[in-house]
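The values are calculated or read from the model by the stated rules, or taken from the named source; none is laboratory data. Small disclaimer: the values here were computed from a predicted structure and weren't measured. FYI the Cβ positions are ideal-geometry reconstructions off the backbone, even for glycines, and counts take in every protein chain you see. In case anyone asks, the SASA skips ligands and DNA or RNA and just uses the protein heavy atoms, side chains included. Shrake-Rupley method; radii C 1.70, N 1.55, O 1.52, S 1.80 Å.
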Amino acid sequence: KRILCSKQFGTKSMELCESIARMTIRLSTKYVDPNILKPFTACRLVPLKKKPDGVRPIGIGEVLRRIVGKAVMRVLQREMVTCNAPIQVCAGIPGGVEAAVHATRRIFEEPETEAIILIDAENAFNSLNRNAALNNINIICPALATYIINSYREPANLYVANSDKTILSQEGVTQGDKKKQNSRKNKISLLSFEVFQFRGSLIHLDFSSDSISYLIKYN
């Protein structure tokens, strides 16, 4: 990261930027051998204590993966908004959450509104089924699909500090990985469509990437 941002390395900074750009384009347009990508997808594993006596494993992607992921999401921002809106208001929609808050307040004050239901995805980052997500992303957002598949079709190696053991990450999403977080939002959007089959009238407003909020009106 320092080489990319500092001028003291002269032309090396630009050469590194161009190399990362070429790598990003390749990952976004062509399928790459997963064995070649193992160093790229490898993560640090941080086990956090979870009350009362559990452990929450957090896989943290390295700097290169974060830079590449953010670059991809910047280029595909318009596609992500198209794929997620209006069900997801936190997927790059300017002022989306603020608009959802005001809309919720207005609708909730109407006499025919019965209740608000908030569905919170428990341990959303680690519980996501990758096979389902990879299938969904091909349908919902094809522009992002190749990169997601390259990043997650094979388990990633997780390394714990002060340990020589390697753990495989086979489910869930890497913390800080922007592209995968948007993939998870796509999956939640599919769940939202299923809930729309409820016999009452549901007005959906989503405030965060791992929860679904509904205002219920009875016909």
Would you mention how many residues in the range 36-50 are within 19 Å of the chain's Cα centre (by Cα), in a strand (DSSP E or B) and either surrounded by fewer than 14 Cβ atoms within 10 Å (Cβ to Cβ) or among the hydroxyl-bearing types (Ser, Thr, Tyr) (or both)?
0
Going by what's in this entry, would Lys12 be described as without any contact (Cβ under 8 Å) to a residue 40 or more places away in the chain, of a type in the set (Lys, Arg), part of a loop (DSSP other than H, G, I, E, B) and open to solvent by 80 Å² or more (accessible area, probe 1.4 Å)?
no
Restricting to the range 91-102, name every residue that is at positive phi and buried (at least 17 other Cβ atoms within 10 Å of the Cβ).
Gly92
List the number of the failed condition for Lys30; all other conditions in (1) of a type in the set (Lys, Arg); (2) under 22 Å from Leu144 (Cβ atoms); (3) in contact with a Gly (Cβ under 8 Å, 6 or more places away or on another chain) hold.
(3)
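So which of Val46, Val68 is modelled with pLDDT of 80 or more, touching a Ser or Thr at 6+ places or on another chain (Cβ under 7 Å) and not charged (D, E, K, R)? Working first, answer last.
Values: Val46 fails: touching a Ser or Thr at 6+ places or on another chain (Cβ under 7 Å).
So the residue among Val46, Val68 that is modelled with pLDDT of 80 or more, touching a Ser or Thr at 6+ places or on another chain (Cβ under 7 Å) and not charged (D, E, K, R) is Val68.
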Quick check on my filter: what residues within the range 15-35 are open to solvent by 50 Å² or more (accessible area, probe 1.4 Å) and under 16 Å from Ala71 (Cα atoms)?
Leu16, Cys17, Glu18, Ser19, Arg22, Met23, Ile25, Arg26, Thr29
Kindly check whether there is at least one residue in the range 67-90 that is closer than 17 Å to Asn157 by Cβ and surrounded by 14 or more Cβ atoms within 10 Å (Cβ to Cβ).
no
Just name the residue that is nearest to Met80 (Cα to Cα) out of those in the range 103-134 that are modelled with pLDDT of 75 or more and open to solvent by 90 Å² or more (accessible area, probe 1.4 Å).
Asn131
